[in-house]
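Peer 1: Provided herewith is a single structure, encoded as structure tokens, for subsequent inquiry.
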Amino acid sequence: MKQEQQGIVLVLVLWTLVLLMTIVSAVSSSVHTQSTLTHHQMDQTRSRALAEAAFHYGAARAFDPDADRAWTADGQPYSWRFDGHEIVIRLQMEQDRLDLNQATAQQLDQLLLSIEADDEIRDRLVGAPSSTGAITIRCID
């Protein structure tokens with residue numbers, strides 16, 4: 001073989017190696033991405049299952065016929081160990097929550113007082129009652 005042909009063959013071999021390395025790198029990156037996505041999906045599924053188990057366990061404990069063992073819906077944290085995970089469950093009555101879309105000015109003012117908001121902030125947040133009896137909340141800078 002001539003010297004020129006050997007040089008061309010060497011360049012072709014090197015380009016082929018570069019192309020193969022690029023393909024291997026792309027495949028490796030794709031496999032890594034898929035593996036990461038699979039782990040995240042498994043973690044999310046596990047977390048949802050734990051949350052659902054905690055919900056059902058909390059509901060069962062709230063309606064326990066034995067009053068001494070029953071949990072109360074007062075927002076108190078209860079610890080529960082399940083499947084190697086420490087879960088904190090708080091039971092709260094939905095009616096104890098304040099719907100800000102339906103709250104009156106007095107209710108919102110009482111809420112802001114309970115968190116010790118400044119008078120200026122309370123005055124700026126609580127607007128005049130609307131025609132529906134609900135309040136208008138003003139945006140603060």
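Peer 1: Among the residues in the stretch 87-109, are any over 27 Å from PHE55 (Cβ atoms), exposed (fewer than 11 other Cβ atoms within 10 Å of the Cβ) and not basic (Lys, Arg)?
Peer 2: Among the residues of the stretch 87-109, not one is over 27 Å from PHE55 (Cβ atoms), exposed (fewer than 11 other Cβ atoms within 10 Å of the Cβ) and not basic (Lys, Arg), which makes the answer no.
Peer 1: Take ASP43 and tell me if it is closer than 30 Å to PRO77 by Cβ, part of a loop (DSSP other than H, G, I, E, B) and not hydroxyl-bearing (Ser, Thr, Tyr).
Peer 2: Working: closer than 30 Å to PRO77 by Cβ: yes; part of a loop (DSSP other than H, G, I, E, B): no; not hydroxyl-bearing (Ser, Thr, Tyr): yes.
No: the conditions fail for ASP43.
Quick note: the coordinates plus some simple rules give every number you see, no bench work behind them. The structure displayed is predicted, hence computed values, not measured ones. Every residue, glycine as well, gets a Cβ built from its backbone with ideal geometry; the counts of neighbours run over all protein chains shown.
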